[in-house]
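Please read the structure below before turning to the comments.
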Amino acid sequence: MPGSITNRILALAVLWIAALLLLGGIALDRIVTGTIQRNFDEQLATTLPAMIGAAELDPFGEVRFNRAPVDPRFNEPYSGFYWQVSARGHMDFRSRSLWDRQLPLDLDRSCIEPCLSRLSAYPQETLRLIERDVRIPGSPGVWRFAAAQTTGQLDAQIRTVRTTLWWSLGALGAGLFALAVLQATFGLMPLKRMSSAMAAIRAGTATRAPTENVPPEIAPLVQELNALLDHNEEAAESARMHAGNLAHALKTPMSVLMNEAAANSPDLAKTVVRELSTMRRHVDHHLARARAMGRRTQATARADVFPALERLVSAIERIYADRPVVIDLAGDRSVVFRGERQDLEEMAGNLIDNAAKYGGGRVFVTVARGEGAKDGMLTITVEDDGSGIPARLREGLFERGARLDTEKPGTGLGLAIVRDVAAIYGGSVSMAESEDLGGLMAILTLPACPMDASPAATSRRNA
């Protein structure tokens, strides 16, 4: 597969190995061939001092050697080892090895310091030439001393070195590529095992990914995968449970309606209204839980608490405009709820609405974080100045349909919804007595965002 991790690793390895070997090969080639060339030139250059030391002028002003160069190859025709002494207006003094040839020297070029060059004057023979200008005592002119050697042996050595070098680098590259293949194969084997484990989970032959003998780099992935499976299993179990609860809750009202209809009861209309109201309460309750559960999976949801509470306070004060209700809102304005704004408004709205409905007209709403709240949590406290509720009856308020005051409209599901939605977010709700107003105090605890969360950015996300 072209986009696979293995292919990407191998492609990167091939490119990297090829680049390194190419650069390293070029560098080694230049170093080794340069060393061989320098050794060759140094050996060739040793001929010039011997020639210069043996040079002298004969009675006719021509150069002669008082002793011949010791290398016998200078006396063998076309041996590949040559020397020559030249000057303007004089005959070339050549080695016997040149025979009927001469070295084409450029006397116009100054060679006070030794000059090195490559000479291709003869067919099938390339020479390495070294030249130097010398003034012989008693001679008015400058003499050019030159020595040359065929490069056949030099070129053969360089070819041998280059062949050995590049074959060695090729073998090294093949070995490194084989190592990369082994690394990719064995290094990615845990991922292949993960793929097999996920296939087994999908096929139903396993329920969780194995955690034994897992490399540290893969362990977090395995843990997150198993956590996701646990979460999905819990969500599925919760959905099955609530579907069963809803079916059970609707079964009784439906049975009552069917019996009343079959008996042609004269109170059928009242029974229908009563039982449908009961059914609606159950449906509303389970829909609220389903909405909260679905939104809870959005881990990036954020909501500014204070602006949401300000909107709720304004709306509830308008609802109870016929009997003025004063709602005071105070606390930390920077608190951000780690969840959906709609769920926050539903929970806080139920608590504030109950305080306004059943209280004496004064409601305190306080937002806090840090002191008075668990780490990473926030609290919304709602107090009223009503008659309060005895401690033995407070827990029963969270049961579905529980109502202590039946004279005022309501379904008895508000606090149950608050409890269930808060629990979905990992929070809680409890009741206590208000020390300031003397009535009931509801304490809602919910997860909070870190202090560096930006309320402005959060408002844009939830707008």
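Yes/no matrix, rows are residues, columns are (1) polar (S, T, N, Q); (2) outside the structural domain of ALA448 (by TED's automatic domain parsing); (3) at pLDDT below 80:
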| position | (1), (2), (3) |
| --- | --- |
| MET258 | no, yes, no |
| ALA263 | no, yes, yes |
| ARG281 | no, yes, yes |
| HIS286 | no, yes, yes |
| ILE316 | no, no, no |
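If we scan segment 450-460, do we find a residue that is in a loop (DSSP other than H, G, I, E, B) and modelled with pLDDT of 85 or more?
no
How about segment 143-175: which of its residues are touching a residue at least 12 places away in the same chain (Cβ under 8 Å), more than 30 Å from PRO72 (Cα to Cα) and aromatic (Phe, Trp, Tyr)?
TRP166
Would you call LEU22 modelled with pLDDT of 90 or more and farther than 25 Å from GLN157 by Cβ?
no
Can you say whether THR151 is polar (S, T, N, Q) and loosely packed, with under 12 Cβ neighbours inside 10 Å, as far as the supplied structure shows?
Judged against the criteria, THR151 is not a match.
Within segment 299-394, considering only strands (runs of 3 or more DSSP E) that don't extend past its boundaries, which have at least 2 residues that are more than 13 Å from LEU444 (Cα to Cα)?
Hits in segment 299-394: 326-331, 362-369.
Tell me which residues, restricted to segment 128-182, are under 48 Å from the mean Cα position of the chain (by Cα) and of a type in the set (D, E, K, R).
Of everything in segment 128-182, those that are under 48 Å from the mean Cα position of the chain (by Cα) and of a type in the set (D, E, K, R) turn out to be ARG159, ARG162.
The values are calculated or read from the model by the stated rules, or taken from the named source; none is laboratory data. Quantities reported herein were computed from a predicted structural model and do not represent experimental measurements. In this analysis, Cβ positions are derived from the backbone assuming ideal geometry, glycine residues included, and neighbour counts consider all displayed protein chains.
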